[in-house]
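Read through the structure below, which is laid out as structure tokens, and then see the notes.
The values are calculated or read from the model by the stated rules, or taken from the named source; none is laboratory data. Keep in mind that this is a model prediction, so the values were computed, not measured. All Cβ positions, even for glycine, are placed from backbone atoms using ideal geometry, and neighbour counts span all protein chains on display.
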Amino acid sequence: MGNKKIQFIDLDSLNPKNVVVKLSAILKRYLIGEKINIYQEIKNIDLELPIYEKFKSNFSRSVINWILNNINYGQITSYSEIGKKLNSKAYRVIGSILKKNNYPLIIPCHRIIKGDGTIGGFMGKSNDSWQRNLKKRLLRIEGIDIT
DNA sequence: TCTTAAATCGTTG
DNA sequence: CAACGATTTAAGA
């Protein structure tokens, strides 16, 4: 009861062919500060992720593809900037689309913040929440401080 | 700097 | 077709 000890898994001791191990290794590299492109790293392992499953419409795919092609590690942009690039004023719609992202980090929606420089929503939550704090921490890892 | 109101438009039911 | 938003802009206190 009171004397449980936390067991840490030694990733290096596990079968490196296991996709979970591979994913863990990628995440580990990211979390310790290596400036990797997680989306590219995912492509290199034997795993197909249905990242477009939730994005059927032309507009939503344009948003996702624009982010994947233009926003790299350590870079941020805003919902309105994406709108301008896509010739649309549907700023809130862009937020609604990113809300459906089932693959945060892989589709790096944590790098999309509000136009006024504040953090904006993350993982469905637009109010104060652990999700928004996580978004700040991810950006902090990438060298960006959002107050 | 706050707080509020209105504009905005693709998606959803 | 109306209602909804991970937003934005402007206006007022």
Query raised in the report: For the range A:12-31, which residues satisfy the criterion of being surrounded by 14 or more Cβ atoms within 10 Å (Cβ to Cβ) and β-branched (Val, Ile, Thr)?
Result: A:Val21, A:Ile26
Query raised in the report: Applying the selection to the range A:57-69, what residues are touching a strand residue (DSSP E or B) at 6+ places or on another chain (Cβ under 9 Å) and over 21 Å from A:Ile26 (Cα atoms)?
Result: A:Ile64
Query raised in the report: Can you name the number of the only condition in (1) at positive phi; (2) in contact with an Asp or Glu (Cβ under 9 Å, 6 or more places away or on another chain); (3) not polar (S, T, N, Q) that A:Val19 fails?
Result: (1)
Query raised in the report: Checking A:Ile45 against (1) farther than 22 Å from A:Val19 by Cα; (2) surrounded by 13 or more Cβ atoms within 10 Å (Cβ to Cβ); (3) out of contact with any Asp or Glu (no Cβ under 7 Å at 6 or more places or on another chain), which test does it fail?
Result: (1)
Query raised in the report: Are there any pairs, at least 6 apart or on different chains, whose C-beta atoms fall under 8 Å, with the first in the range A:84-102 and closer than 17 Å to A:Ile113 by Cβ and the second in a loop (DSSP other than H, G, I, E, B) and aromatic (Phe, Trp, Tyr), and if so, which?
Result: A:Ile97/A:Phe55
Requested in this report: Could you list, in sequence order, all residues of the range A:89-106 that are surrounded by 15 or more Cβ atoms within 10 Å (Cβ to Cβ) and either assigned to a loop (DSSP other than H, G, I, E, B) or modelled with pLDDT under 95 (or both)?
Outcome: A:Ala90, A:Asn101, A:Tyr103, A:Leu105, A:Ile106
Query raised in the report: Is one or more of the residues making up the range A:49-56 near DNA strand C (Cβ under 7 Å from one of its atoms), over 21 Å from A:Ile26 (Cα atoms) and touching a helix residue (DSSP H, G or I) at 6+ places or on another chain (Cβ under 8 Å)?
Result: no
